[in-house]
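Single-structure report; data block below.
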Amino acid sequence: MTTTEIKYTQQNQTVSGKQPATVEVAVPLPLDTTFHYRVPEDLAPRIQPGVRVFVPFGRRKVTAYVLRFSTPPEGQQLKGLLDVLDPEPLWTEAELTFFQWIADYYLHPLGEVLKTALPTGINLQSRSSVDGEAVSGGKKVRHERVFSALPADAPVKLRGKGLDILAFLRQSGSVSSAELKVRFGECSPNLRRLVELGLVRMSEHEVYRDPFAGLSVTKDSPKPLTLHQQQALTTILTALDSRYFSPFLLHGITGSGKTEVYLQGIAHTLAAGRNALVLVPEISLTPQLVQRFRARFCDGIAVLHSALSDGERYDEWRRIRRGEVRIVIGARSAIFAPLERIGIIVVDEEHEASFKQSDGLRYNARDLALVRGQQEQAVVLLGSATPLITTRFAAQQGKLGYLSLPERVGNRPLPATSIINTRMTAESPLSPQLIEALADNLERGEQSLLFLNRRGFASWLVCPACGADLQCPNCSVSLTYHRQRRKSLCHYCDYQVPAPCICPSCGELELKEMGVGTERIEHELLEQFPGARIARMDSDTTSGKGGHARILDKVGRGEVDILVGTQMIAKGHDFPGVTLVGVLQAEGSLYLPDFRATERTFQVLSQVIGRAGRGELPGRVLLQAMTPDHYGIAYAADHDFERFYQEELLFRQELNYPPYGFLAAIKLSATSEKSLTSAAEQSAAVLRSIKSRLGLRVEILGPAPAPLYRLRGRFRQQILLKDSSRAALRRLLIAYRREQSLPATVRMAIDIDPVDLL
DNA sequence: AGCACGCCGACT
DNA sequence: GTCGGCGTGCTC
């Protein structure tokens with residue numbers, strides 16, 4: 001990876017004539033180097049750092065990004081640029097510096113980082129065709145036709161629709177073709193005629209595609225704060241006024257009013273002339289949050305998330321770039337938004353794993369928020385009820401300011417939680433206590449939530465005679481049985497087959513259903529409570545646009561008595577009517593082969609527990625677990641983050657896991673097991689040799705004797721690197737990247753995680 | 001990533 | 001005799 005810093009030599013820009021101007025560019029390809037090109041004289045006036053250019057590259061032509069003017073390297077015949085693709089730079093110097101930092105940190109080619117930072121669809125594809133074809137920016141700006149009346153007398157022959165349109169235009173000034181179409185129906189022939197007659201003028205305007213089109217909000221105003229909110233806000237405002245980089249953990253329990261603190265902090269930032277960036281885990285799951293921002297700030301908000309069309313995303317990006325936006329709200333990729341003068345960055349639910357991008361450029365937006373905040377001298381607010389262990393630790397070390405909201409707004413009590421030990425009573429997935437509680441709630445007309453972190457009907461089908469179960473041919477995991485669809489499918493790769501009726505290997509006539517999923521619970525509830533209105537929310541019932549909203553709205557309107565669901569019921573929406581939360585198999589995610597499994601379990605349990613009693617009525621929680629004493633479960637039930645944190649720290653310290661040590665993973669995958677195994681062994685050998693040569697103490701774990709798993713038809717293997725020094729890890733990784741060359745059939749990715757950025 | 005060059009197996 | 005396999009190397 002190139003580690004050269006981006007520096008601009010503005011003088012070069014004005015130097016003319018003597019030496020041919022040359023530029024250094026990055027190409028969006030997996031290459032560690034940058035390239036230099038000669039700038040033809042006719043293109044020179046349009047070239048600036050931050051614009052895209054079209055360049056000859058080998059036998060191809062590709063889009064490249066101009067980093068800086070350069071002094072031409074010695075004795076090399078440079079090729080000339082073919083074209084300049086942008087009238088304005090796409091990025092400022094500060095942004096390019098940020099992207100260079102990312103490229104260095106994540107060991108990823110700068111050109112690909114820049115490509116990732118751009119809205120999809122803007123990039124001109126590489127072209128191998130030869131002739132000098134016309135080149136545009138590869139983008140699509142939407143134009144709108146606007147008509148207005150000219151002061152001329154209408155000839156008498158004009159009648160009917162044409163005359164009506166003309167009268168309307170005279171009355172209302174400029175009107176868009178879309179509006180005319182709504183009012184008069186198909187009228188382009190009439191309009192063309194009016195233009196020909198010199199009665200009407202047509203012009204084209206650039207318009208933005210508006211994701212909020214047709215959605216209105218009622219304005220609200222700042223709410224009074226609790227004492228803790230006020231204290232947190234005061235600290236934040238002081239930090240904002242200091243104009244120094246000031247990172248904070250805003251640790252607020254569910255219902256403590258973190259959002260109101262964000263809103264008022266942002267209002268202060270805007271008033272001081274700076275802008276705000278808000279990162280949320282899954283914006284499509286939290287339309288409520290966006291609504292609150294719009295209600296408070298009206299216009300000047302851009303939203304960036306995966307549900308936008310390419311056109312909408314591109315338009316939002318342009319609005320931000322042009323400074324027409326003061327607040328950007330978005331999912332992880334919004335950290336790349338071209339927003340200038342950032343005064344505050346909010347990372348809401350900072351513990352969420354969805355801030356991490358797990359293919360291509362493997363970045364974590366939560367981490368990058370700190371980096372960008374540092375570069376912008378901004379306030380960074382990491383908000384969560386269950387912060388990452390790493391974040392809480394950094395706050396304890398004084399690297400982050402610690403702001404605590406330990407009470408719910410309005411002094412609402414936390415739900416009373418009891419744990420039911422199901423070790424001995426495994427025959428029914430719903431314990432008698434839970435059934436009784438559900439019955440009570442139904443009788444009182446209150447709503448209940450049932451959480452189970454597994455979708456499908458039964459987890460799998462087993463033959464009672466021969467013991468065979470159905471496996472995914474790609475992923476080597478048991479297929480999950482979905483009764484409604486009469487299918488067995490793989491939850492990893494979406495492989496599916498019709499559910500078998502008889503055992504495929506021995507012909508036994510009846511297969512046994514093992515394990516439990518949300519679909520099975522729904523079925524069970526329908527039998528137990530025939531009159532109840534039951535809904536299910538998991539990825540099977542929320543497919544398609546607005547799938548989440550459809551179910552959530554029903555619950556919100558009180559049309560559902562019991563909602564069964566996976567993770568996704570734990571997030572986002574408030575249900576003021578929910579007074580009972582039931583958790584099935586609380587330990588469901590506890591024993592995964594991941595050192596963060598306990599942390600994740602604690603987080604999701606805390607979240608789902610926090611869904612109870614958010615309205616007027618108090619809530620209660622019943623938690624079914626086979627290992628109820630496990631600290632990840634017990635402390636979640638007690639709403640005791642601090643005790644959990646202390647315990648988890650001991651475990652991490654013992655094994656030198658984060659925050660006490662640093663981890664990186666070299667992830668390899670291939671279609672053949674054989675080539676993968678040899679590549680992994682070779683990689684480990686290379687790593688060990690570098691390690692001894694450089695005298696590093698890094699722990700090299702793996703590769704495992706056989707490929708770890710198979711996913712989407714590819715075998716996967718990884719080598720873990722662990723050390724108490726991040727610098728040592730990085731030295732090892734950089735040397736490895738330089739020295740290791742893998743066969744083309746093997747793909748490699750490096751995960752650098754977690755981080756200590758402060 | 002593409003795209004070429006380059007050296008070994010089954011085919012019109 | 002050639003078409004084509006994918007290993008290796010390069011792209012200012």
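The values are calculated or read from the model by the stated rules, or taken from the named source; none is laboratory data. Worth saying up front: this structure is predicted, and the values here are computed from it rather than measured. Every residue, glycine among them, receives a Cβ derived from its backbone with ideal geometry; neighbour counts consider all protein chains shown. Just so you know, the surface numbers come from the protein's heavy atoms only, side chains and all, with ligands and any DNA or RNA stripped out. Shrake-Rupley method; radii C 1.70, N 1.55, O 1.52, S 1.80 Å.
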Checking A:238, A:234, A:269, A:218 in turn, the sole residue that is open to solvent by less than 60 Å² (accessible area, probe 1.4 Å) and β-branched (Val, Ile, Thr) turns out to be A:269
Residue pairs within 8 Å by beta carbon, gap of at least six or interchain, first lying in the stretch A:59-70 and within 13 Å of residue A:89 (Cα to Cα) and in a loop (DSSP other than H, G, I, E, B), second of a type outside the set (Val, Ile, Thr) and within 9 Å of DNA strand C (Cβ to nearest atom), listed first then second, are none
Looking across the stretch A:33-66 at residues that are under 10 Å from residue A:85 (Cα atoms) and charged (D, E, K, R), the single one that is nearest to DNA strand B (Cβ to nearest atom) is A:52
Within the stretch A:594-638, the residues that are open to solvent by 30 Å² or more (accessible area, probe 1.4 Å), of a type outside the set (D, E, K, R) and within 14 Å of residue A:385 (Cβ to Cβ) are A:635
Residue hits (the stretch A:618-633; at pLDDT below 95 and touching a Lys or Arg at 6+ places or on another chain (Cβ under 9 Å)) are A:618, A:619, A:625, A:626, A:627, A:628
Taking the stretch A:707-729 and the residues there that are touching a residue at least 12 places away in the same chain (Cβ under 8 Å) and more than 19 Å from residue A:669 (Cα to Cα), the one that is nearest to DNA strand C (Cβ to nearest atom) would be A:729
Matching residues in the stretch A:677-711 (in contact with a Lys or Arg (Cβ under 7 Å, 6 or more places away or on another chain) and at pLDDT 90 or above) number 6
Scanning the stretch A:418-445 for residues that are part of a loop (DSSP other than H, G, I, E, B), farther than 25 Å from residue A:639 by Cβ and at pLDDT 90 or above gives A:445
Reported set for the stretch A:220-236 where residues are within 25 Å of residue A:291 (Cβ to Cβ) and hydrophobic (A, V, I, L, M, F, W, C) is A:225, A:232, A:233, A:236
Worksheet item: Is it the case that the stretch A:569-585 has a residue that's open to solvent by 10 Å² or more (accessible area, probe 1.4 Å), on the phi > 0 side of the Ramachandran plot and either touching a Ser or Thr at 6+ places or on another chain (Cβ under 6 Å) or at pLDDT 95 or above (or both)?
Response: yes
Check your understanding: Out of curiosity, is residue A:90 modelled with pLDDT of 95 or more, outside any helix (DSSP H, G or I) and of a type in the set (A, V, I, L, M)?
Key -> yes
Is there a residue being at pLDDT below 95, open to solvent by 30 Å² or more (accessible area, probe 1.4 Å) and within 11 Å of DNA strand C (Cβ to nearest atom) anywhere in the stretch A:61-69? yes
From the option list A:741, A:689, A:683, single residue qualifying as within 16 Å of DNA strand C (Cβ to nearest atom), in a helix (DSSP H, G or I) and small (Gly, Ala, Ser) is A:683
Scan the stretch A:345-354 and give yes if some residue there is in contact (Cβ under 8 Å) with a residue 40 or more places away in the chain, surrounded by fewer than 22 Cβ atoms within 10 Å (Cβ to Cβ), touching a Gly at 6+ places or on another chain (Cβ under 9 Å) and assigned to a loop (DSSP other than H, G, I, E, B), otherwise no.
no
Scanning the stretch A:712-758 for residues that are of a type in the set (Gly, Ala, Ser) and modelled with pLDDT under 85, the one nearest to residue A:697 (Cα to Cα) turns out to be A:741
Residue hits (the stretch A:618-639; assigned to a strand (DSSP E or B) and over 19 Å from residue A:429 (Cβ atoms)) are A:620
In the stretch A:284-304, residues that are of a type in the set (A, V, I, L, M, F, W, C), surrounded by fewer than 18 Cβ atoms within 10 Å (Cβ to Cβ) and outside any helix (DSSP H, G or I) total 1
Going through (1) among the acidic types (Asp, Glu); (2) within 26 Å of the chain's Cα centre (by Cα); (3) surrounded by fewer than 20 Cβ atoms within 10 Å (Cβ to Cβ) one by one, residue A:527 fails only at (2)
Selection from the stretch A:404-442 of residues among the charged types (D, E, K, R) and under 33 Å from the mean Cα position of the chain (by Cα) yields A:407, A:408, A:412
Note: among A:114, A:85, A:96, just one is within 16 Å of DNA strand B (Cβ to nearest atom), within 20 Å of residue A:317 (Cβ to Cβ) and crowded, with 21+ Cβ neighbours inside 10 Å, namely A:114
Among strands (runs of 3 or more DSSP E) entirely within the stretch A:500-612, at least 2 residues that are without any contact (Cβ under 8 Å) to a residue 60 or more places away in the chain occur in A:512-514, A:534-537
Would you check if there is a residue in the stretch A:680-690 being under 30 Å from residue A:400 (Cα atoms) and more than 16 Å from DNA strand B (Cβ to nearest atom)?
no
- Query: Hey, any hits in the stretch A:305-322 for a residue that's part of a strand (DSSP E or B), over 22 Å from residue A:604 (Cβ atoms) and of a type outside the set (Ser, Thr, Tyr)?
  - Reply: no
Filtering the stretch A:24-51 down to residues that are hydroxyl-bearing (Ser, Thr, Tyr), under 21 Å from residue A:106 (Cβ atoms) and either more than 7 Å from DNA strand C (Cβ to nearest atom) or surrounded by 19 or more Cβ atoms within 10 Å (Cβ to Cβ) (or both) yields A:34
Of A:642, A:648, the only residue that is part of a helix (DSSP H, G or I) and open to solvent by 60 Å² or more (accessible area, probe 1.4 Å) is A:642
Matching residues in the stretch A:466-507 (at pLDDT below 85, among the small types (Gly, Ala, Ser) and surrounded by 15 or more Cβ atoms within 10 Å (Cβ to Cβ)) number 2
Check your understanding: Mind checking whether some residue in the stretch A:73-81 is open to solvent by 80 Å² or more (accessible area, probe 1.4 Å) and within 16 Å of DNA strand B (Cβ to nearest atom)?
Key -> yes
Taking residue A:458, is it crowded, with 16+ Cβ neighbours inside 10 Å and either free of Cβ contacts under 8 Å to residues at least 12 places away in the same chain or in contact with a helix residue (DSSP H, G or I) (Cβ under 8 Å, 6 or more places away or on another chain) (or both)? yes
